[in-house]
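Scroll down for the structure; my scribbles are underneath it.
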Amino acid sequence: MREAIAERTGVIRNVQEALGGSNSDLAVVVTGASGRTFVKAAPKVSPDEDGRQVRALRREVAINPCVPEFAPRLLWTVETGGWLAVGSEYVEGREADYSPGSPDLAALTEAIHHLQAIPCPDPVVMRVERRWEALADDVSPMAGNALLHTDLNPNNLLITADQCVYVVDWAFASRGAPWVEVGQVIPWLIHAGHAPAEAEQWAMQFPSWMDADPVIIDRYVYLTAERWAQISAARAAPNVPVNLSLARRWASHRQGPHQPNR
Ligand SMILES: Nc1ncnc2c1ncn2[C@@H]1O[C@H](COP(=O)(O)OP(=O)(O)O)[C@@H](O)[C@H]1O
Ligand SMILES: [Mg+2]
C-alpha cells in the first residue's frame, strides 16, 4: 500500500497522523515529492468483502464530486494488499471552535444554510430515519430529501488561515428532513460549552428547525439518546460515552412541557 501511495504522491518523506478523526483506521497526511496529500485507508474483510470502514470510504468517494463547494477534492483511490486508500487535496486548516461567542459559529451557520439550499445528490442513498427505526414504529418525521452531512462536529469543519471553510468526512451523508442536520449539531454546541437552551436558541435561525413540530423534536431527541445508549451497550468506541452523555443532557433539558410520546 505504501508503494502504491508513493506512486501517486512521489517518494514519501513523511507520514503524519491526522488528529481529530473518530472513524477511520488510517487518516494521515502524506508528504511526498509533490507535496502533501490527505490519505484515509481501511482494510477489506476479504478480497470479496468490504466491511464497515471500506463501505464508508466508498460512500465518501461517490459523494465527493457532488459537493465540490464544501469538500476537499478527491485525487485518487487505490486498492491493493487488501486495503482501500483514498487520497484528497490537503487542506491546511484548523478545526472549528463551537464555543459560545466563537466567530466559527458563523461559518457553521453558513455551511448549514448552504447545505440546506442544494438538492440532495443521487449518490447520497442512506436514509437518515433508518438510524432510529429499531427504536420506534414511525420514523417518517425524520425522513425527507434534503442533503444532510449528519456529522458536523467541529473536527469535520476545517478553517484555513484566509477563512475558507471546508467540510470533511462525508461517509455518513444521508437524505432526510432538513431540521435533522440542525438536531445533529446541537450536541456539539453543548459539548463546546453552550447550555442546551442556548444551543436551541442558536438553532432557531434555521427555517427548517423553526418549522419542525416541537413534539417531533422531543421525540427525535429522546430516540437519539436511546440510540446512543444502545450503541454504548454494543461497543466501547472512544467517542460513544461523549455522544451518549451529550444526548442525555439534551434529552433531560427537553423533558418538560411536551413529554415524548413513545
Ligand atoms: N483534506 C484534508 N486535509 C487536511 N486534513 C484533513 C482533510 N480531511 C480531513 N482532515 C483531518 O483529518 C481528520 C480525520 O478525517 P475525517 O475525514 O474526519 O476522518 P474520520 O472518519 O476518522 O473522522 C479530520 O478531523 C481533519 O482534522
Ligand atoms: Mg471526522
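Counted by neighbouring Cβ atoms within 10 Å, the residues R130, R249 run from fewest to most as R130, R249.
Helix 240-254 versus the longest principal axis of the chain: what angle, 0 to 90°, nearest 10, using Cα atoms? Around 20 degrees separate the two axes. Taking the number of Cβ atoms within 10 Å of each Cβ as an exposure proxy, the fewest-first ranking of T160, T31 is T160, T31.
Footprinting exposure proxy ranking of D104, D50, fewest other C-beta atoms within 10 angstrom first, gives D50, D104. Computed from point charges on the beta carbon alone (+1 for Lys and Arg, -1 for Asp and Glu), the dipole magnitude for the chain about its Cα centre is near 540 Debye. Here the Debye sum runs over all C-alpha atoms of the chain as equal scatterers in vacuum, and log10 of I(q)/I(0) at q = 0.10, 0.12, 0.15 Å⁻¹ comes out as -0.53, -0.76, -1.16. Each part reduced to its alpha carbon centroid, segment 56-102 and segment 1-41 end up 12 Å apart.
Once the Cβ-Cβ distance of S46 and D25 is raised to the sixth power relative to R0 = 22 Å, the FRET efficiency obtained is 0.90. What do you get for the angle between helix 104-117 and the principal long axis of the chain? Use alpha-carbon atoms, 0 to 90 degrees, nearest ten. Around 90 degrees separate the two axes.
Between the Cα long axis of helix 51-63 and the first principal axis of the chain there is an angle of about 90°, rounded to the nearest 10.
Under 5 Å from the amide H of G32 lie the amide H atoms of R13, T37, each residue being 5 or more positions distant or on a separate chain, with H modelled from the backbone and absent for Pro and chain starts.
For A71, the residues whose amide H sits under 5 Å from its own are V167, ignoring neighbours fewer than 5 places away on the same chain, with H placed 1.01 Å from N. For the listed peptides 234-243, 179-188, a ranking on the average number of other beta carbons within 10 Å per residue, highest first, reads 179-188, 234-243.
The 3J(HN,Hα) values that the Karplus relation (6.51, -1.76, 1.60; θ = phi - 60°) gives for segment 27-39 are, in residue order, 9, 9, 9, 9, 9, x, 4, 9, x, 9, 10, 8, 10 Hz. Gly and Pro appear as x.
What is the sum of charges, Lys and Arg at +1 and Asp and Glu at -1, for the other residues whose Cβ falls under 10 Å from the Cβ of I217? Net of charged neighbours comes to -1.
Rule-based calculations on the coordinates, nothing more; no lab input. Keep in mind the model is a prediction, meaning the values are calculated, not measured. When we count neighbours, we look across all protein chains shown, and the Cβ atoms used for this are built from the backbone with ideal geometry, even at glycine.
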